[in-house]
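Q: Provided herewith is a single structure, encoded as structure tokens, for subsequent inquiry.
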Amino acid sequence: MLWGDKLRKKLVACVLAGLLGISACLPLRAEAVDAWAVAAQALGVYGAYKSTLSAILSLGNEPSAQMQSRWQDIAQNGKDPNRHDVELVDKVMQQLVEQGDYVLKPNSLPFIWSVNNSDNFNAACYPTNYVSVNRALVRGLECEIDELAAVLAHEMTHGLEQHSARNYAKAVAQYYGMAFLNMDMGLMDWNKLNMLANYSIAKNVTLPTEYDADEGGFYLMASAGFNPGGPAAAMARMGYYLTYETRNVFEYQDPDPKLREQENFSDHPDTDLREQKLAQMLTDYSAGHVAVVGRRDVFIDGGKLLSVDWTREDYDNTAENAYFVAGALAKAFHELNSAGEWNFRREGKELTCLDDSRVNAVLHEFLSREQAGERLQELVVRAYDNEKYNNARVKMLTAASLRREKMRKAHEDALAADKKFVKKLRENADAYSDYGEGELALVQMRRYFESRNIENEAEGYGIRGRARAVTGDYAGALADADKAVALDSSNVYNWLNRADVYRMAGNREAALADCLQARQIEGDNPYCWLIPAQIYEEMADHEAALASYREFYRLLPKAFRHIPEEYLKEISEKDYNTLQKEKQETGKRQAEDEQ
């Protein structure tokens, strides 16, 4: 994962501050003890882990860091120029975010994403829940929706479980622990130590979370309505791409399984192994009924339904087709409790079933090709009859119930978050509105009002009103802003938020009146002067705007970047020159990046 310079420097500063401030050995609470933690304590770096983790989690809960993650990703890699790629990723991510079963931790941000122009077959989830999708991944998966959903749900799981933050913190602690041990014992030279540390981190820290993300991604994408065969199909396609199509030597995967099994520094499992595990999850999801044998044949309870074949001319996509057929069947077995619910019916001379949705498209194609409708009905009826004896559905429902209970508990924990986390939800919503991200702000405010430990409800209404105004819902915005003022007219920010709502709605006179009222409460609040300055500027009243900007600068000189250049030049030539220098440096960096 490539983080931007500013973000990385801020993170490193936090990490080093933590490392320099810890003692050599800190006690562990009993409930925190696990194998990794015991090893960390033995190396005397558990404090480093906790300090680093705290720094990254804090940074990951900052909208400014999230926006910077996206800006720097695009600045470094460029935007994918293909509109179809972007629309496809937007469609898949929207469905995952809006329909998938997941719970955001109280200190996590809602997901944002973009498609960059990198030619590396990859996607990544930053600690800020920014999902970076490379153009080469979209193209490498042939724009196949269910495969793309599997990869993106995998990345979302990394974010939901805060894997990036935890892995980085463990890596820092493990590296420093081995370094401290080597300084004390002098076991090996530093080059060998570095290689050993990197190998250990890849295999013992990062690799396990990849399996976790595969599993979590499977259930997330399936719950969002995608074909559950997508994850195994994505691994099949990924293996083909990395073996036969990639132009990146670091991505290359040897076609000889024996050579692939040799030790390496990869922090991702072998694609064949991942495919096998995901295929087994597909079987389990179907109440144990559906299986793919030999990456070609689809079986139901040991009885062969059909064999699939190629449907592409440029490469062999047989395995993918097998998983899509099996995935459609698995989804039906998972969701339907009897053969009668499969809607077996005649269409012309052929027997078909289920609906005509995209998820079932490959199944319908091969049922028609193989004229296997009658065979499917026979196997489905037999499978449900078998459930009376093998308890397969009971086992599947029990596993699903355990997942739901885990989700319910996570949701309860989120609702019961203490006031500091709830306050941060409100503050983050306000920050999103500052960035013009009204929908994200509303997501935060929905989480805020669902919380059981709401603080400052009045200001919450004002911030939600401002967020609604950013989205263009001025009637709803004004209703919230009015409620904020009615609940607490002594809070200056309730007046300022309503002033901003009025301003966005085009009612400048009402906005200025609210700013005046705010000054009666707290005249030295700089935003009592910034909003009027912006309004006067919109009205082309230069003198009034300049006077308000001047007072804003007097109260908050470090915020000079909020002042337009033409006014800043008259207010502070020094800060104006600083701004010009920054612009030149930014332009220079952009030019260097484009070269």
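Bear in mind these aren't lab numbers, they're just calculated from the coordinates by the rules spelled out. From a predicted model like this one, the values you see are computed outputs, not experimental measurements. Ideal geometry is used to build each Cβ from the backbone, glycine not excepted, and the neighbour counts take in all protein chains shown.
Q: How many angstrom separate the Cα center of segment 362-394 from the Cα center of segment 459-506?
A: Taking the Cα centre of segment 459-506 as reference, the centre of segment 362-394 is 57 Å away.
Q: Still on this structure: Between the alpha-carbon centers of segment 295-350 and segment 52-78, tell me the distance in whole angstrom.
A: 42 Å
Q: Treating only the Cβ atoms of Lys and Arg (+1) and Asp and Glu (-1) as charged, compute the dipole magnitude of segment 523-595 about its Cα centre; round to the nearest 20 debye. Before the final figure, lay out each step's value.
A: On the way: 10 positive and 16 negative charges, 65 e Å.
My answer is approximately 320 debye.
Q: What pairs from Lys50/Lys170; Lys170/Lys277; Lys388/Lys409; Lys304/Lys331 go past 20 Å between their alpha carbons?
A: Lys170/Lys277; Lys388/Lys409
Q: Still on this structure, please answer the following. Sort 572-578, 547-553 by the packing proxy (mean of other Cβ within 10 Å over each peptide's residues), most packed first.
A: On the way: 572-578: 13.9, 547-553: 21.4.
Descending packing order for the listed peptides: 547-553, 572-578.
Q: Could you tell me which residue out of Ala544, Trp529, Phe560 lies farthest along the dipole of segment 523-595 toward its positive end? Charges go on the beta carbon: Lys and Arg +1, Asp and Glu -1, centred on the Cα centre.
A: Looking along the dipole axis, the top candidate is Phe560.
Q: Around Asn82, which amide H atoms from residues at least 5 apart in sequence, or from another chain, sit under 5 Å from its own amide H, with H modelled in the peptide plane?
A: Under 5 Å from the amide H of Asn82: no residue qualifies.
Q: Per-residue counts of other Cβ atoms within 10 Å, averaged by peptide: what ranking do you get for 379-389, 63-73, highest first? Present the calculation step by step, with values, prior to reporting the outcome.
A: Numbers: 379-389: 16.9, 63-73: 21.4.
For the peptides 379-389, 63-73, the packing ranking is 63-73, 379-389.
Q: Ranked highest first by the average count of other Cβ atoms within 10 Å around their residues, in what order do 158-170, 94-106 fall? Mind dumping the intermediate values first?
A: Details: 158-170: 23.1, 94-106: 16.9.
In descending order of packing, they fall as 158-170, 94-106.
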